[in-house]
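K.L.:
My structure is below; once you've seen it, I'll send some questions.
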Amino acid sequence: MTSRPPLLARVSADRMHLVLMLVLTFGTGVVDAVGYLGLDRVFTGNMTGNVVILGMALVGGNGLPVVGPLVALGGFMLGAALGGRVLKGAAHAWTGRTSVLLALVGVLVLGLAVALLLVPDPAEPVLLSVTGVLGAAMGVQAATARFVAVKDVTTVVVTSTITGLAADSVLGSGRGGGTGRRLAAVVLITLGALSGAALLRFDLGLGLALGLFVEGGLVLLVVLVGWLHARASARAAAQETAADPDVASAQA
């Protein structure tokens, strides 16, 4: 008689990855809220917003920033390129490379939070540096989430998610499918933005640092759970193979 697999291994990879990407989606809401309100109206996760702001700023729209969105865009693209390069040729959704990349995101964001606590009134060059590094971290996260490939959950934007939610609803095609996943992504990024904005209500500098602490902590939690789940699943699969003579002989 074979023993039951550990609790984590009983959770399917699809379900676990969905939950983990939804956690990252909440964190993106926090980061974009504190970034937009604390970094001179710059998004570090939602690049669509930055492109729109940049377009309006280039024609002098209400003193909107130009440099900040450009720095965020550049950092995001570099981070996404790094993520794509590291994950090139990876065997499956959650590997050691996935964990390393997301751990890098968590460490970068926590490092920025500590730096902001040490520099309570940062000058513009410091804020631009924070914007660039944070944009790069979110680019790495977005590329990693794209590789994990949970449908409708990119962790950094929900426009396509809202489109699918409405288009497949009873008011649209009526096909349904994925409604809960899509709705959860929209709700969580909204709650994240609400939480991030709430952190800034009493102290802008401290709220920005606290928002980054929340995001960094959540990312590292995702790394830990994802790594433990992948390890438990691999062990359970190995035990199942060893316990089944037919499978073992076929692999031999």
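The values are calculated or read from the model by the stated rules, or taken from the named source; none is laboratory data. Note that the structure is predicted; figures quoted are calculated from it, not measured. Neighbour counts run over all protein chains shown; Cβ positions are idealised from the backbone, glycine included. The area values use the complete protein model at the heavy-atom level, side chains included, leaving out ligands, DNA and RNA. Shrake-Rupley method; radii C 1.70, N 1.55, O 1.52, S 1.80 Å.
K.L.:
For region 193-203, which residues satisfy the criterion of being basic (Lys, Arg) and surrounded by 12 or more Cβ atoms within 10 Å (Cβ to Cβ)?
P.N.:
none
K.L.:
Here are the criteria: (1) over 19 Å from Thr131 (Cα atoms); (2) without any contact (Cβ under 8 Å) to a residue 60 or more places away in the chain. Tell me which single one Met16 does not satisfy.
P.N.:
Met16 satisfies all of (1) over 19 Å from Thr131 (Cα atoms); (2) without any contact (Cβ under 8 Å) to a residue 60 or more places away in the chain except (2).
K.L.:
List the residue pairs whose Cβ atoms are under 6 Å apart, where the first residue sits in region 230-250 and is closer than 19 Å to Asp14 by Cα, the second is at pLDDT 85 or above and open to solvent by less than 40 Å² (accessible area, probe 1.4 Å), and the two are 6 or more positions apart or on different chains.
P.N.:
Partner pairs satisfying both residue conditions: Ala230/Trp94.
K.L.:
Which one is surrounded by the fewest Cβ atoms within 10 Å (Cβ to Cβ) among residues in region 173-192 that are under 12 Å from Thr161 (Cα atoms) and within 14 Å of the chain's Cα centre (by Cα)?
P.N.:
Top of the filtered list is Val186.
Okay, residues lined up against (1) under 22 Å from Lys151 (Cα atoms); (2) modelled with pLDDT under 95:
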{"site": "Val34", "(1), (2)": "no, yes"}
{"site": "Thr48", "(1), (2)": "yes, yes"}
{"site": "Val59", "(1), (2)": "no, yes"}
{"site": "Leu64", "(1), (2)": "no, yes"}
{"site": "Pro69", "(1), (2)": "no, yes"}
{"site": "Ala91", "(1), (2)": "yes, yes"}
{"site": "Ala103", "(1), (2)": "no, no"}
{"site": "Gly111", "(1), (2)": "no, no"}
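K.L.:
Given Gly79, Gly96, Gly75, Gly89, which one is in contact with a Gly (Cβ under 6 Å, 6 or more places away or on another chain) and either open to solvent by 60 Å² or more (accessible area, probe 1.4 Å) or closer than 30 Å to Ala234 by Cβ (or both)?
P.N.:
Exactly one of Gly79, Gly96, Gly75, Gly89 is in contact with a Gly (Cβ under 6 Å, 6 or more places away or on another chain) and either open to solvent by 60 Å² or more (accessible area, probe 1.4 Å) or closer than 30 Å to Ala234 by Cβ (or both), namely Gly79.
Here's the yes/no breakdown for (1) assigned to a helix (DSSP H, G or I); (2) surrounded by fewer than 20 Cβ atoms within 10 Å (Cβ to Cβ):
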position	(1), (2)
Asp14	yes, yes
Val30	yes, no
Val34	yes, no
Thr44	no, no
Ile53	yes, no
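K.L.:
If Ala115 meets every condition in (1) open to solvent by 60 Å² or more (accessible area, probe 1.4 Å); (2) within 26 Å of Gly74 (Cβ to Cβ) apart from one, which number is that one?
P.N.:
(1)
Here is a yes/no grid of residues against (1) of a type outside the set (D, E, K, R); (2) assigned to a helix (DSSP H, G or I); (3) out of contact with any His (no Cβ under 7 Å at 6 or more places or on another chain); (4) more than 25 Å from Asp152 (Cβ to Cβ):
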| site | (1), (2), (3), (4) |
| --- | --- |
| Gly192 | yes, yes, yes, no |
| Phe202 | yes, no, yes, yes |
| Gly205 | yes, yes, yes, yes |
| Leu212 | yes, yes, yes, yes |
| Glu215 | no, yes, yes, no |
| Leu224 | yes, yes, yes, no |
| Trp227 | yes, yes, yes, no |
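K.L.:
Also: Can you tell me how many residues within region 71-112 are in contact with a Phe, Trp or Tyr (Cβ under 6 Å, 6 or more places away or on another chain) and of a type in the set (A, V, I, L, M, F, W, C)?
P.N.:
Total satisfying the criteria: 1.
K.L.:
Which residues, counting only those in region 70-124, are touching a Pro at 6+ places or on another chain (Cβ under 7 Å) and within 29 Å of Ala9 (Cβ to Cβ)?
P.N.:
none
K.L.:
Go through (1) modelled with pLDDT under 95; (2) of a type in the set (Asp, Glu); (3) surrounded by 19 or more Cβ atoms within 10 Å (Cβ to Cβ) one by one and return the number of the condition Glu215 breaks.
P.N.:
(1)
K.L.:
Next up: Given the conditions (1) surrounded by fewer than 22 Cβ atoms within 10 Å (Cβ to Cβ); (2) in contact (Cβ under 8 Å) with a residue 60 or more places away in the chain; (3) under 15 Å from the mean Cα position of the chain (by Cα), and given that Lys151 satisfies all but one, which numbered condition is not satisfied?
P.N.:
(2) is the only condition that Lys151 fails.
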